[in-house]
Amino acid sequence: MAKHPTPKPWIADIHAYVPGKAHGADGRELVKLSANENPLGSSAAALGVLGTAGQPALYPDPDCNALRAQIGALHGLAADRILCGAGSGELLHCAVQAFCGVGDEVVFSRFSFSLYPLLARKVGASPVFAADHDYAASVDNLLANVTPRTKAVLLDNPNNPVGSWLPREEVERLHAGLPGHVLLIVDQAYAEYLAPELDDGGLELAARHDNVLVTRTFSKAYGLAAERVGWATGSPRLIDYLNRLRGAFNVTSRGQAAALAAVGDQDFVAASRAHNTQELARFTQFVEALGNHGLRPVPSKANFLLVLFEGAVTAEMAQNALADAGYATRWLPGQDLPHGLRITIGTAAQMDDVMAALRTLLDQG
């Protein structure tokens, strides 16, 4: 008989989250361009309610009724098709937990959000990494990996850590190629950074089909990462299943109030999108001009750029040089990208510093 509690055998395959570097070699705190946070901060409307939201001694609204109604009004969705969570991560966990288990498979592109294999392993399912197409997700490769054991397909669109994006017709083709019992989860964490004409149609698919779930978050363009608020939409049947699994009182009163105010301040979202579009284009052009040094940008639709280092200067060297300049970035050897450095788009001044530090490193190399 065992002398101590024995975990399920697949738990050993799960690695605890490793945060990005927060301090430089000299101990000073680094500017975080490693977590894809909003460099403009938060909406003034959201900040204005955080200090006065709710009574700390009282539980929050367990169903986030006001927030669901506001999200529904913005996106043309019925409230019974919306569920709020402690970040979109909680809702992704609930979705995989509801439909996948031991012996099942969860399919996603090779370079996808690092949470996805964890979602599968937590329930004893097998993560299946579909081959990429020049780092981006490939609908053909995703579909080729669907087997009778597949219960869910995860698509982050735009993608993290690559920044790639599949257009509406490709997302529709992916869904059309799936059996009806396979759940397609479209993770739209960075959707607010897309121009309206680049909408991938995920919300419409989720409104029309019983096997599509879309998740979004307030952590990125809305600038509320600290409050941990996300939401999902799908058929009332899907939402009912997830509602049974999500935590009770899972979104704090502060989080609900801040998100409610943030939804009402679409000017801030538009400003965040405009800033990101401008600075992302400027940084991409800078990296493209360094092709003779072995640097290559992966085209991005998110609020970061994945820079590939394919010459004498390595991604690890660049990460260290940027840390010396005061900036934390995300080196990705754990995601099979030892030559990749993901750099969040910061303020214009911060991006000037990043570009200067990279130029100095390359000149020295």
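General remarks:
- Annotation: Gly264 fulfils all but one of (1) touching a residue at least 40 places away in the same chain (Cβ under 8 Å); (2) closer than 26 Å to Asp134 by Cβ; (3) not polar (S, T, N, Q); the unmet one is (2).
- Gly103 vs. criteria open to solvent by less than 60 Å² (accessible area, probe 1.4 Å), more than 14 Å from the chain's Cα centre (by Cα), more than 14 Å from Cys64 (Cβ to Cβ) and not aliphatic (A, V, I, L, M): yes
- Which listed residue, of Ala321, Ala328, is under 21 Å from Ala25 (Cβ atoms), touching a residue at least 12 places away in the same chain (Cβ under 8 Å) and either of a type in the set (Asp, Glu) or surrounded by fewer than 22 Cβ atoms within 10 Å (Cβ to Cβ) (or both): Ala321
- Annotation: Cys94 fulfils all but one of (1) in a helix (DSSP H, G or I); (2) among the hydrophobic types (A, V, I, L, M, F, W, C); (3) surrounded by fewer than 19 Cβ atoms within 10 Å (Cβ to Cβ); the unmet one is (3).
- Which numbered condition Pro179 fails, given (1) touching a Gly at 6+ places or on another chain (Cβ under 9 Å); (2) open to solvent by 10 Å² or more (accessible area, probe 1.4 Å): (1)
- Within segment 348-365, being open to solvent by less than 50 Å² (accessible area, probe 1.4 Å) and in contact with a helix residue (DSSP H, G or I) (Cβ under 8 Å, 6 or more places away or on another chain) holds for Ala348, Met351, Val354, Met355, Ala357, Leu358, Leu361, Leu362.
- The residue pairs whose first member lies in segment 11-34 and is more than 20 Å from Arg121 (Cα to Cα), whose second member is of a type in the set (S, T, N, Q) and in a loop (DSSP other than H, G, I, E, B), and whose beta carbons are closer than 6 Å, counting only pairs six or more residues apart or on different chains, are Gly20/Ser34; Leu33/Thr329; Ser34/Thr329.
- Only listed residue being open to solvent by 80 Å² or more (accessible area, probe 1.4 Å) and within 24 Å of the chain's Cα centre (by Cα), chosen from Leu40, Leu47, Leu67: Leu47
- Summed over segment 137-165, the residues that are touching a Phe, Trp or Tyr at 6+ places or on another chain (Cβ under 9 Å), open to solvent by 20 Å² or more (accessible area, probe 1.4 Å) and outside any loop (DSSP other than H, G, I, E, B) give a count of 1.
- Exactly one residue out of Ala262, Ala271, Ala248 is surrounded by fewer than 19 Cβ atoms within 10 Å (Cβ to Cβ) and modelled with pLDDT of 95 or more: that is Ala271.
- Tally of residues being outside any strand (DSSP E or B) and buried (at least 19 other Cβ atoms within 10 Å of the Cβ) across segment 303-318: 4
Rundown of residues vs (1) of a type in the set (Ser, Thr, Tyr); (2) under 19 Å from Leu332 (Cβ atoms), yes/no style:
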residue: Lys3; (1), (2): no, no
residue: Trp10; (1), (2): no, no
residue: Tyr17; (1), (2): yes, yes
residue: Lys21; (1), (2): no, yes
residue: Gly27; (1), (2): no, no
residue: Leu30; (1), (2): no, yes
residue: Leu33; (1), (2): no, yes
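- Hits in segment 121-136 (condition: surrounded by fewer than 18 Cβ atoms within 10 Å (Cβ to Cβ) and at positive phi): Gly124, Asp134
- Residues (assigned to a strand (DSSP E or B) and open to solvent by 60 Å² or more (accessible area, probe 1.4 Å)) located in segment 274-302: Arg296
The values are calculated or read from the model by the stated rules, or taken from the named source; none is laboratory data. In this text the structure is predicted, and so the values were computed from the model without any measurement. Cβ sites come from the backbone with ideal geometry, for glycine too, and all protein chains shown count toward neighbours. For accessibility, only protein heavy atoms count, side chains too; no ligands or nucleic acids. Shrake-Rupley method; radii C 1.70, N 1.55, O 1.52, S 1.80 Å.
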